[in-house]
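Asker: Provided herewith is a single structure, encoded as structure tokens, for subsequent inquiry.
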Amino acid sequence: ALPARGYGIPMARVEPGNSRQRGLDMSDPMDLALFEALRRVDTLTTARLEVQKLGPGRYRIDGRQVQLRAKGASPRHAPQELLIHEEEASGVLKEGLDLSFYLSQA
């Protein structure tokens, strides 16, 4: 899949139906969470982000390989918080950051 550029231009036009061209699968809970988080970030930030799905829960955001994981998830409850972990070249994951915070700082 090609990198997705400009998720938020304009934000009102970011629809799940358009996500297929970005490599996101709206039946995948992590893809849906990422998509929704991108919709909540300001337009200027999302306009310059490049997002590419690499695999389940794995993405490249602005050239950084990351994994998206749920913290506080249980079979009975939806995830309370989504954390994003950058992957180092060695494959080791860095400490997780809140998804919305990470996207706003990207």
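Asker: Which length gain, in nm to one decimal place, applies between residue 39 and residue 105 when the Cα-Cα distance is subtracted from 0.36 nm times their residue separation?
Answerer: Contour length minus Cα-Cα distance gives 22.3 nm.
Asker: Okay, moving on. Once a ≥ b ≥ c are taken as the square roots of the eigenvalues of the Cα gyration tensor of the stretch 29-72, is the result rounded (a/c under 1.5), prolate (a/b larger than b/c) or oblate (a/b not larger than b/c)?
Answerer: Values: a/c = 2.17, a/b = 1.27, b/c = 1.71.
It is oblate, given that a/c is not under 1.5 and a/b is not larger than b/c.
Asker: Something else now. At R0 = 30 Å, how high is the FRET efficiency between residue 32 and residue 95 if r is their beta carbon distance? Nearest 0.05 is fine. It would help to have the intermediate numbers written out before the result.
Answerer: Numbers: r = 24 Å, r/R0 = 0.81.
For residue 32 and residue 95, the calculated efficiency is 0.80.
No value in this document is a laboratory result; all are computed from the given coordinates. Remember, predicted model here, so these are calculated numbers, not experimental data. Note that each Cβ is placed from the backbone with ideal geometry, even for glycine, and that neighbours are counted across all protein chains shown.
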